[in-house]
Amino acid sequence: MTNITGKTVLLTGASGGIGEYIARALAKEQATIICVSRSQNALNKLCIEIKVLGGIGIALPFDISKVEELPVLVKQIQGIVGSVDIIINNAAIEKYRPFQYYSLEDISSILTTNLIAGMELTRLLIPAMIARNSGHIVNIASGSGKKGAPYNSIYSASKAGLIMWTDSLRQELANTNVGVTVICPGYTSAGMFLAFGLPAPRLAHISKPSAVAIAVIRAIHKNQAEVMMDGFLTKLLFAYIQLFPDFGDRLYRWIGLTKLNKTCAENQMQVPRKRH
Ligand SMILES: NC(=O)c1ccc[n+]([C@@H]2O[C@H](COP(=O)([O-])OP(=O)(O)OC[C@H]3O[C@@H](n4cnc5c(N)ncnc54)[C@H](OP(=O)(O)O)[C@@H]3O)[C@@H](O)[C@H]2O)c1
């Protein structure tokens with residue numbers, strides 16, 4: 001899809017973090033943005049900003065983890081705008097824990113919000129895109145989907161699933177004008193990682209949320225398959241780590257990522273930290 005101007009975009013997770021920046025970038029392209037998240041006030045505020053920037057914002061508060069109710073959301077959207085041209089599956093949650101401390105409810109809510117909801121929204125909307133032979137799906141994954149993040153294993157599994165689902169879907173749609181992209185941000189100076197107030201591991205590149213938003217726009221324009229926010233060298237490094245996971249484990253320990261994630265888990269569980 002070369003042109004976003006005048007197109008209708010469904011953006012989940014619009015109310016905060018990176019989603020807000022994606023919404024602003026889409027507004028500058030004069031898109032109509034259906035902004036979905038649970039926080040009505042934040043969405044309303046964002047839609048005012050979208051208008052000022054040149055787009056049209058429609059706030060639709062909805063809990064996408066209620067996947068069985070997503071057909072209702074889709075009907076509501078179709079009633080307002082007719083058809084959706086672009087879906088950006090951005091909403092996600094994470095919860096740091098040693099694996100044995102996750103409840104079944106934790107596992108289910110993370111996988112449902114981060115992976116199944118995006119699949120279901122896409123499943124409901126993609127037949128119309130295929131019929132029109134036009135559209136684009138953008139899935140916001142993470143570097144954590146490329147190499148397992150210790151103490152954030154369910155989030156990692158959800159993002160790895162997102163990357164592979166995107167890869168499969170793109171191949172299925174290769175002979176159509178429906179594009180499919182996965183964006184893999186690393187540490188970003190907005191949103192869920194910033195919320196911890198902890199420094200990123202050493203040598204880790206920190207992306208600006210505006211750079212992620214620009215990458216989303218460019219990926220739609222150019223129909224890119226996969227975008228790694230941390231650049232080509234990081235892409236090569238992740239490829240090497242796929243071949244030699246033990247090396248990746250040692251690297252994560254050396255840069256302090258393993259310790260950082262353990263600290264995040266301890267903070268979230270509010271247990272006293274143990275010395276090593
Ligand atoms: N920030 C980073 O460092 C980083 C790094 C790599 C990848 N990413 C990815 O980038 C994307 C955006 O992350 P972020 O950092 O901007 O996260 P964030 O600040 O925590 O925002 C998450 C968004 O998802 C929405 N959301 C969560 N659960 C929802 C639900 N059940 N129904 C509807 N909306 C829901 C939230 O809104 P409500 O709470 O109002 O529902 C919020 O708008 C995610 O896919 C994340 O995995 C982020």
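Values for this structure:
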item	result
Pairs where the first residue, in segment 254-266, is without any contact (Cβ under 8 Å) to a residue 60 or more places away in the chain and the second is open to solvent by 30 Å² or more (accessible area, probe 1.4 Å), C-beta under 6 Å, 6+ apart	Ile255/Arg202; Ile255/Leu203; Gly256/Arg202; Glu266/Arg273
Some residue of segment 76-86 being within 10 Å of the ligand (Cβ to nearest atom), among the aliphatic types (A, V, I, L, M) and either open to solvent by less than 20 Å² (accessible area, probe 1.4 Å) or within 17 Å of Ala213 (Cα to Cα) (or both)	no
Evaluation of Ser83 against (1) among the hydroxyl-bearing types (Ser, Thr, Tyr); (2) farther than 23 Å from Pro185 by Cβ; (3) assigned to a helix (DSSP H, G or I) (one fails), failing number	(3)
Subset of segment 43-73 (residues that are assigned to a helix (DSSP H, G or I), surrounded by 18 or more Cβ atoms within 10 Å (Cβ to Cβ) and within 14 Å of the ligand (Cβ to nearest atom))	Leu43, Leu46, Cys47, Leu70, Leu73
Contacts under 9 angstrom Cβ, first residue in segment 185-197 being open to solvent by 50 Å² or more (accessible area, probe 1.4 Å), partner near the ligand (Cβ under 6 Å from one of its atoms) and of a type in the set (Val, Ile, Thr), 6 or more apart	Met192/Ile18; Met192/Ile93; Leu194/Thr188
Flag if Gly143 is modelled with pLDDT of 95 or more, near the ligand (Cβ under 8 Å from one of its atoms), under 14 Å from the mean Cα position of the chain (by Cα) and not hydroxyl-bearing (Ser, Thr, Tyr)	yes
Every residue from segment 97-132 that is within 13 Å of the ligand (Cβ to nearest atom) and either farther than 18 Å from Ala160 by Cβ or in contact (Cβ under 8 Å) with a residue 60 or more places away in the chain (or both)	Ala117, Gly118, Glu120, Leu121
Top-ranked residue in segment 198-229 [being assigned to a loop (DSSP other than H, G, I, E, B) and in contact with a Ser or Thr (Cβ under 8 Å, 6 or more places away or on another chain); ranked as surrounded by the most Cβ atoms within 10 Å (Cβ to Cβ)]	Met229
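The values are calculated or read from the model by the stated rules, or taken from the named source; none is laboratory data. Please read all numbers here as calculations on a predicted model, not as lab measurements. With ideal geometry, Cβ positions are generated from the backbone for all residues, glycine too; neighbour counts draw on all protein chains shown. We work out accessible area using only protein heavy atoms, side chains counted, and drop any ligands, DNA or RNA first. Shrake-Rupley method; radii C 1.70, N 1.55, O 1.52, S 1.80 Å.
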